[in-house]
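Read the structure below first, then the notes.
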Amino acid sequence: MKLNLLNNNDAARACRLLSLLMLLAVGLAGCKTSSHSGALSGESACLSSKVQLTVPHKDATLTVNGTMKLKKKECMQISFLMPILRTEVARMEVTPDEVLLVDRMGKRYVRATRKELKNVLPKKADFAHLEKLLYAASKPNGKKVLTGKELGIPSLEKGKIELSNFSDKPFVLTPTQLSQKYKEVELEELLEMLMDL
């Protein structure tokens, strides 16, 4: 969060929740913005990048940095980190069958299958489209900045997510494990909290 409001709980809460909503949109609505139509067969099995999420909030702009890691045909993780301390604030994990959203500060998470999200997602949104979006962005002339408007979120029209510093070096991607301290909440509950901000 690039803000002078780091001690402001309301801004921190808004940033966490808006980050999760933007992450959900980016992770699942990739097919709306991808112009890459080629096959992925020639791509590396691993892709990583830096991520910067910018979201307008009242009279300020919240910016959160993080990382994206993709294992082809297996899993994609986006992790957002608190500045200076580099503590994880939020995480999104997407597999071909499931989506996991984790609010680290609020100690809560949402786990949903593609079937459960069918009314939230565009018809053609799937893991393959997400891969195409990320691999296309990694190309020299690829689209590296996605706006809230392009992702179909009118309320976050001025929000954006930027991908940079791509690498195809191999890495180990460990599935997210959550302790008993975390509370599972329904997606609707998370969305209702977003609407109340």
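The condition (being touching a residue at least 12 places away in the same chain (Cβ under 8 Å), closer than 21 Å to Thr174 by Cβ and not in a strand (DSSP E or B)) is satisfied by just one residue among Ser44, Ser48: Ser44. Using the structure shown, decide if Lys50 is surrounded by fewer than 16 Cβ atoms within 10 Å (Cβ to Cβ), out of contact with any Cys (no Cβ under 6 Å at 6 or more places or on another chain) and at pLDDT 90 or above. In short, yes. Within the option set Thr176, Thr147, Thr95, being closer than 21 Å to Met68 by Cα, modelled with pLDDT under 85 and of a type in the set (Val, Ile, Thr) holds for one residue only, Thr147.
The values are calculated or read from the model by the stated rules, or taken from the named source; none is laboratory data. The shown structure was predicted, so the numbers you read here are calculated from the model rather than taken from an experiment. Here Cβ is always computed from backbone atoms with ideal geometry, including for glycine, and neighbour counts include all displayed protein chains.
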